[in-house]
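Asks: Sharing a structure, written as structure tokens. Questions coming.
The values are calculated or read from the model by the stated rules, or taken from the named source; none is laboratory data. Note that the structure is predicted; figures quoted are calculated from it, not measured. Virtual Cβ from ideal backbone geometry, glycine too; neighbours counted across all protein chains shown. The protein model used for the area step is the full one, side chains on, heavy atoms only, and it has no ligands, DNA or RNA in it. Shrake-Rupley method; radii C 1.70, N 1.55, O 1.52, S 1.80 Å.
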Amino acid sequence: LFVFGDRIVTWTAHRHTPVMVDAFRDMKGLIEGCPELASRVAVFHESYGLEEIVTLDGAVMRFLARSGQSGQGMSGDLVVMDEAFAATPAQIASLMPTLSARPNPQLLYGSSAAHATSEVLHSVMERGRAGNDPDLAYVEWSAERGECRATRCAHQVGTQGCLLDDEARWLQANPAVVRGRMQASTKGRSRR
């Protein structure tokens, strides 16, 4: 919005939740914390369900929930698919024509781990891991693949030799722990 001159930035999540409101408030706080950027904002619209930031030159960053099976109405120079584990093929199929009308659109997927049903995210991960898609920049934080030392491990908490209980692997997969934004003990609680 401020650096690359995008006119429309759309930040989406699979539903409107407090997390979505927090994403807007975090972005608003970052902008307000930088006088140079804050001076370029005309208005922060804070209507629940359609939060947006409008600049003095008319550019807009909107925060929307992806609705049902539709991605329509989410056009932009940059569309951020937060919580991409919940993105559906139908949403992407309806979104692509709206993006193709933009001169240089970008679609950015951000997500926690894929679920078994995360068809879109699994497809992006496969393309990214293969490393042969010239239109895809791919970054993944995960632990290196490995085998459990336990024979026929069922990954139950506390199983001696289970990779899922290896704290070093938790650090490898979670840069927020290394940066001090999350405690390693949080990962242990999540595992339990």
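Asks: Mind listing whichever residues of segment 176-192 are in a helix (DSSP H, G or I), in contact (Cβ under 8 Å) with a residue 24 or more places away in the chain and loosely packed, with under 14 Cβ neighbours inside 10 Å? Break it down stepwise before answering.
Replies: The initial filter retains those residues of segment 176-192 that are in a helix (DSSP H, G or I), namely 176-178, 184-191.
If we keep only those that are in contact (Cβ under 8 Å) with a residue 24 or more places away in the chain too, we end up with 191.
Listed by number, the list is empty, since nothing qualifies.
Asks: Being assigned to a loop (DSSP other than H, G, I, E, B) and either at pLDDT 85 or above or within 17 Å of LEU107 (Cβ to Cβ) (or both): is that true of GLY58 here? Spell out how you get there, then give the answer.
Replies: Details: assigned to a loop (DSSP other than H, G, I, E, B): yes; either at pLDDT 85 or above or within 17 Å of LEU107 (Cβ to Cβ) (or both): yes.
For GLY58, the condition - assigned to a loop (DSSP other than H, G, I, E, B) and either at pLDDT 85 or above or within 17 Å of LEU107 (Cβ to Cβ) (or both) - is met.
Asks: Within segment 22-35, take every residue that is in contact (Cβ under 8 Å) with a residue 24 or more places away in the chain and within 19 Å of SER111 (Cβ to Cβ) and give me the one that is least open to solvent (accessible area, probe 1.4 Å).
Replies: PHE24
Asks: Identify the residue in segment 79-103 that is more than 19 Å from ILE8 (Cα to Cα) and not in a loop (DSSP other than H, G, I, E, B) and, among all such residues, is least open to solvent (accessible area, probe 1.4 Å).
Replies: Step one: list which residues in segment 79-103 are more than 19 Å from ILE8 (Cα to Cα), which gives 83-90, 93.
Right, trim to not in a loop (DSSP other than H, G, I, E, B) and you get 84-86, 89-90, 93.
Values: ALA84: 1, PHE85: 42, ALA86: 29, PRO89: 62, ALA90: 41, ALA93: 67 Å².
Going through the qualifying residues, I end up with ALA84.
Asks: Then there is this: Which residue pairs have Cβ atoms closer than 7 Å, lie 6 or more positions apart in sequence or on different chains, and pair a first residue in segment 92-117 that is polar (S, T, N, Q) with a second residue that is surrounded by 17 or more Cβ atoms within 10 Å (Cβ to Cβ) and part of a strand (DSSP E or B)?
Replies: As it stands, the answer is GLN106/LEU78, since those pairs meet every condition given.
Asks: I've got another one for you. Does ALA113 fit the bill of being more than 30 Å from GLY188 (Cα to Cα), assigned to a loop (DSSP other than H, G, I, E, B) and within 22 Å of the chain's Cα centre (by Cα)? Before you say what the answer is, go through the steps one by one.
Replies: Numbers: more than 30 Å from GLY188 (Cα to Cα): no; assigned to a loop (DSSP other than H, G, I, E, B): yes; within 22 Å of the chain's Cα centre (by Cα): yes.
For ALA113, the condition - more than 30 Å from GLY188 (Cα to Cα), assigned to a loop (DSSP other than H, G, I, E, B) and within 22 Å of the chain's Cα centre (by Cα) - is not met.
Asks: Related question: Tell me whether segment 134-145 contains one or more residues that are open to solvent by less than 50 Å² (accessible area, probe 1.4 Å), touching a His at 6+ places or on another chain (Cβ under 9 Å) and modelled with pLDDT under 90.
Replies: At the first step, the residues of segment 134-145 found to be open to solvent by less than 50 Å² (accessible area, probe 1.4 Å) are 136, 143.
Then keep just the ones that are touching a His at 6+ places or on another chain (Cβ under 9 Å); that gives none.
Taking every residue of segment 134-145 in turn, none turns out to be open to solvent by less than 50 Å² (accessible area, probe 1.4 Å), touching a His at 6+ places or on another chain (Cβ under 9 Å) and modelled with pLDDT under 90.
Asks: Counting just the residues of segment 156-175 that are surrounded by 11 or more Cβ atoms within 10 Å (Cβ to Cβ) and in contact (Cβ under 8 Å) with a residue 24 or more places away in the chain, which one comes out nearest to GLU140 (Cα to Cα)?
Replies: For segment 156-175, the residue satisfying everything is ALA173.
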